[in-house]
1. Which one is modelled with the lowest pLDDT among residues in the range 73-84 that are in a loop (DSSP other than H, G, I, E, B) and surrounded by 10 or more Cβ atoms within 10 Å (Cβ to Cβ)?
2. What is the residue count in the range 22-72 for residues that are closer than 27 Å to R128 by Cβ, assigned to a loop (DSSP other than H, G, I, E, B) and aliphatic (A, V, I, L, M)?
3. Restricting attention to the range 7-30, which residues are over 28 Å from M66 (Cβ atoms) and surrounded by 15 or more Cβ atoms within 10 Å (Cβ to Cβ)?
4. Examine the range 5-21 for a residue that is touching a Pro at 6+ places or on another chain (Cβ under 6 Å) and not in a loop (DSSP other than H, G, I, E, B), and state whether such a residue exists.
5. Across the range 118-139, which residue is surrounded by the most Cβ atoms within 10 Å (Cβ to Cβ) among those that are part of a loop (DSSP other than H, G, I, E, B) and among the basic types (K, R)?
6. Looking at (1) basic (K, R); (2) modelled with pLDDT of 95 or more; (3) surrounded by 12 or more Cβ atoms within 10 Å (Cβ to Cβ), which is the one condition that is false for R35?
7. Please work out which residue is surrounded by the fewest Cβ atoms within 10 Å (Cβ to Cβ), limiting yourself to the range 170-185 and to residues that are over 19 Å from Q95 (Cα atoms) and either at pLDDT 95 or above or hydroxyl-bearing (S, T, Y) (or both).
8. Does the range 194-223 hold any residues that are surrounded by 13 or more Cβ atoms within 10 Å (Cβ to Cβ), out of contact with any Phe, Trp or Tyr (no Cβ under 7 Å at 6 or more places or on another chain) and at pLDDT 60 or above, and which are they?
Amino acid sequence: GAETGAYRFVEWQPQVKVVLEANPDYFLGRPKIDRIENLIVPDATTALAQYQKGELDILMASGGAMLSQIANDATLSKELKEFPRAQLTYFTLNQSKVPAFKDKRVRQAFLYAINRQELIEKIMRNDRYLATGYIPTGIPENDPNEKPYPYDPAKAKDLLAQAGFPGGKGFPKIELVATADETSLLEAVSAQLKANLGIDAAVKIVESGDAVACLSADAGEIP
């Protein structure tokens, strides 16, 4: 088929790199950069070290901990560029593993019990915007006037009690599953669920491929 993008595919080495080259037929003109190698470096610390040694020209620093390290470095902070991207960070409530999540009141209780603005400020180092819906900030269809679920521990407790789990009594133990770069976020969410709902949520860190495998087709609705 016709190649219409600025670059065209050359090579893919799984878990190593993706190689692209400039498309001379691109409608806006041939790109000035001839070749791009997107190196796949799963460990953020290793990636940052490679950037500092000049082995990487561009580093996508999306995690709060790495962003904080870069911002506090005299040299790296001058090279940091920030921009919004079309991405949502969310938790999926798996109804097949935890039948209690089939109750809308339970799902709403979880939302009201999590102080997302505090997570953004204290854990994510203000590198996220508070989501108000499915459409991320930066997309034209995003509605900045849409009101998100507020942080309301009292309402969360009430909803959970209505669902038959007063103070978290009788609620099954659950796991919060994500990759290593989200460890601090999971721990903070676990602490909030315990404090506000009396629910025990263990933190489970897995590889990125395993994290995707944990999501089943019937993972549940977002209220």
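1. For the range 73-84, the residue satisfying everything is P84.
2. So the answer is 7.
3. E21, A22, N23, Y26
4. Scanning the range 5-21, I find no residue that is touching a Pro at 6+ places or on another chain (Cβ under 6 Å) and not in a loop (DSSP other than H, G, I, E, B), so the answer is no.
5. We begin by selecting, within the range 118-139, every residue part of a loop (DSSP other than H, G, I, E, B); these are 124-139.
Pick out the ones that are also among the basic types (K, R) and you get 125, 128.
On the way: R125: 16, R128: 22.
Restricting to residues being part of a loop (DSSP other than H, G, I, E, B) and among the basic types (K, R), the top hit is R128.
6. Among (1) basic (K, R); (2) modelled with pLDDT of 95 or more; (3) surrounded by 12 or more Cβ atoms within 10 Å (Cβ to Cβ), the lone unmet condition for R35 is (3).
7. T183
8. Within the range 194-223, K194, N196, L197, G198, D200, A201, V203, K204, I205, V206 qualify.
The values are calculated or read from the model by the stated rules, or taken from the named source; none is laboratory data. These figures come from a predicted structure and were not determined experimentally. No Cβ is skipped: glycine too gets one built from the backbone with ideal geometry, and neighbour counts run over all protein chains shown.
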